[in-house]
1. Scanning for something touching a helix residue (DSSP H, G or I) at 6+ places or on another chain (Cβ under 6 Å), part of a helix (DSSP H, G or I) and surrounded by 19 or more Cβ atoms within 10 Å (Cβ to Cβ), does the range 270-278 turn up at least one residue?
2. Mind checking whether some residue in the range 230-247 is modelled with pLDDT under 80 and farther than 20 Å from Thr287 by Cβ?
3. Name the one entry in Tyr322, Tyr276, Tyr269, Tyr306 that is under 17 Å from Val239 (Cα atoms) and modelled with pLDDT under 90.
4. Please go through the range 279-303 and pick out each residue that is farther than 18 Å from Leu45 by Cβ and either assigned to a loop (DSSP other than H, G, I, E, B) or at pLDDT below 90 (or both).
5. What's the number of the condition Asp225 fails, among (1) surrounded by fewer than 22 Cβ atoms within 10 Å (Cβ to Cβ); (2) under 20 Å from the mean Cα position of the chain (by Cα); (3) modelled with pLDDT under 85; (4) part of a helix (DSSP H, G or I)?
Amino acid sequence: MEHRLQLLGPRTLRVATGTALCLTISFALDLSVPVIAPVFAVFLLATQNRPLSFKAGVAFALIVALTTGSGLLLVPLLRHYAFAGVMVVGLMLFLAFRYGLRGGNNLVSTFLVAGLTMISAAGTTDFQSAVTVVGALVKGLVLAVLVARLTHMLFPEPVSTGPQPAAQAMPNGQAARIALRAALVVMPAYLLAIADPASYMPIIMKSVSLGRQSCTTTARSAARDLIGSTLLGGLLAIVFWLALRLFVDLWMLFLWMLLFGLLVGRKLYRISITRYSPGFWLNSLVTMIILLGQSVQDSAAGKDVYTAFAVRMGLFVAVTVYACLMLLIFERSHRAR
């Protein structure tokens, strides 16, 4: 048994167990946006090899709640002065991405981008919807932090492993260029969500993941990393859904998520060597969680799951192709200069 655990690795076990727990608990508690907690857990566990202390976790949740709650202040501006509001959101996205690239906490940067876009988009049709999204983000983040701490207790890092090295700050010019590119990747999905927040909220989460990934992906590998991971995530979601239909139960949801998390985690941490980058596998796992979670919600609401999945997958691919074009355009422009 111990030998098998060593083959999987504590980080793989943490990501798989933490993601499965967050997904299952979110649906068990009937959270308004159940995919937020597992997506946050993936980012939290994949980027940190030490658990957040209780005080740091509470402070982290409060900071994100206060800063993302500022998206509520943009709602009146977006309603009455739409163009100016969109420009302000774009500027704030640029500053959030630039903060992470200049040596800031990448988790805070990612949560700021997600919260700012989701909250302000939801508030354009109904202010109460924006308040609900704020509550969903805070609940999802708190759940992800608590589950991450539990999984670190269950599968601790070896004593010889040092703390995660701090992210190196990019030069100011390079950070500004990549932050602008990432903000432009997110903006089209955000504009779609303003038109219909209920239908396009998953697209925002996908575009945030793409914006984060575009900060570390080169133009040469953009098609393989971005488009390939999106297609693989969709394929994994289909297989997961078909497997879950064999026996629909929360326990089976947990066990299947655990299995898929272990399979992807082995690739993510290079226990099973592949030619694809860790970002490829991380984006695949996030894409699968978003698509699967939305399909489960569509099924519970009595919607046509397969039609909704096909439309959503088509939008995911379109957003991903656009992200690749942004990377190629910026790379070509940079080389020309």
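The values are calculated or read from the model by the stated rules, or taken from the named source; none is laboratory data. Remember, it's a predicted structure, so these values are computed and weren't measured experimentally. Cβ coordinates were reconstructed from backbone atoms using ideal geometry, including for glycine residues, and neighbour counts include every protein chain displayed.
1. No: the range 270-278 contains no residue that is touching a helix residue (DSSP H, G or I) at 6+ places or on another chain (Cβ under 6 Å), part of a helix (DSSP H, G or I) and surrounded by 19 or more Cβ atoms within 10 Å (Cβ to Cβ).
2. For the range 230-247, residues modelled with pLDDT under 80 and farther than 20 Å from Thr287 by Cβ: absent.
3. When all the criteria are applied, what remains is Tyr306.
4. Answer for the range 279-303, where residues must be farther than 18 Å from Leu45 by Cβ and either assigned to a loop (DSSP other than H, G, I, E, B) or at pLDDT below 90 (or both): Gln294, Ser295, Val296, Gln297, Asp298, Ser299, Ala300, Ala301, Gly302, Lys303.
5. Of the numbered conditions (1) surrounded by fewer than 22 Cβ atoms within 10 Å (Cβ to Cβ); (2) under 20 Å from the mean Cα position of the chain (by Cα); (3) modelled with pLDDT under 85; (4) part of a helix (DSSP H, G or I), the odd one out for Asp225 is (1).
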